[in-house]
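Below: one structure, written as structure tokens.
The values are calculated or read from the model by the stated rules, or taken from the named source; none is laboratory data. Just so you know, these numbers come straight off a predicted model, no measurement behind them. Cβ: placed from backbone, ideal geometry, glycine included. Neighbour counts: every protein chain shown. Just the protein is used for accessible areas: all its heavy atoms, side chains included, with ligands, DNA and RNA removed. Shrake-Rupley method; radii C 1.70, N 1.55, O 1.52, S 1.80 Å.
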Amino acid sequence: DFTVTLAKSGKDELGDLSNAIQLLADDLKYVKQERKEFLSSIAHELRTPLTFIKGYTDILYKRNLSEEDKKKYLAIIIEETNRLSHLIKDLFDLAKMDENAFVIEKERLDAKLFLGNIETKLSPAFQEKQINFYVHCEESITIIADSLRLEQVIINLLDNALKYCTVGDTAVVTAKCINQEIQIIIEDTGKGISKKDLPYIFDRLYRVEKSRARALGGSGLGLAIVKELVHAHDGEIKVHSEENRGTTFVLTFRGAGNNENIVTNR
Ligand code: ADP
């Protein structure tokens, strides 16, 4: 009996081990495939602006151009160079986050002041595109966060609102405190995101309409970075969207609250 039990359990364990090895091999294959696809997308993203830069530099070097044409081509070179440096900065940020080498320096932020600064920075861009832009913030809310990183998150989301809204649309930022949780809501009445695309928008390099998003200056890394930064703050990000109606991002952060409720260790 003992021999039979031993042989049987040995067989079961071997079976479990071989299943586990198979699962690991599948995971590894998946990771390798993902890395391959990511690298090839990156190569493409880097090559496109370089092709423009090289093409227009050649023309400027070889041809006798009018002052007007020179300016036009130089403007394209500057735009594509900015796009490249933006993309490389985003890639560095993501690489640092992957290695956990990204330092989050939390401090106590007065939400009203903090969002007021962002409002001042972005209002001219919204005005220029004739998009209504409002910031509503409950009195006396303290957010515990890395101010630069949280600003990066909100500016990225508002940048998208700017890109995907047109004249007459509205973008609103609201901050409130519910049961010691801070919610920052960024909503817009822009073009929205289809049900089909919505599950993928936080993926690296995912863009709904590649050529359109590129024309608007997007790299497809913005929301991937936003998600990482929110998670680095132990926060949560959720999105609701409806095509042609608009998009709402809800950020939730724990461990903060109304100013008077905060226990400070200073
Ligand atoms: P991109 O740099 O292309 O904007 P993101 O990672 O920021 O990349 O966003 C991914 C995709 O999600 C975008 O290409 C866009 O289609 C969609 N998206 C993001 N924010 C919005 C928004 N506020 N309204 C409509 N679509 C959006």
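Per the listing Ser194, Ser219, the residue uniquely within 11 Å of the ligand (Cβ to nearest atom), modelled with pLDDT under 90, in a loop (DSSP other than H, G, I, E, B) and open to solvent by less than 40 Å² (accessible area, probe 1.4 Å) is Ser219.
Set side by side, the residues Ile262, Ile225 differ, and just one is at pLDDT below 95 and within 13 Å of the ligand (Cβ to nearest atom), which is Ile225. The set of residues in the stretch 46-100 being open to solvent by 60 Å² or more (accessible area, probe 1.4 Å), among the polar types (S, T, N, Q) and in contact (Cβ under 8 Å) with a residue 12 or more places away in the chain consists of Thr57, Thr81.
Remark: pairs (first residue in the stretch 155-170, modelled with pLDDT of 95 or more; second residue open to solvent by 40 Å² or more (accessible area, probe 1.4 Å) and more than 11 Å from the ligand (Cβ to nearest atom); Cβ separation under 6 Å; 6+ apart in sequence or on different chains) = Val167/Gln130; Thr170/Asn132.
All conditions in (1) closer than 17 Å to Val230 by Cα; (2) open to solvent by less than 70 Å² (accessible area, probe 1.4 Å) hold for Val103, with the sole exception of (2).
In the stretch 123-144, is there at least one residue being at pLDDT 95 or above and closer than 17 Å to Val226 by Cα? Checked against the condition, which is being at pLDDT 95 or above and closer than 17 Å to Val226 by Cα, the stretch 123-144 yields no hits at all.
For Gln180, state whether it is over 21 Å from the mean Cα position of the chain (by Cα), open to solvent by 50 Å² or more (accessible area, probe 1.4 Å) and within 22 Å of Glu243 (Cα to Cα). Answer is no for this residue.
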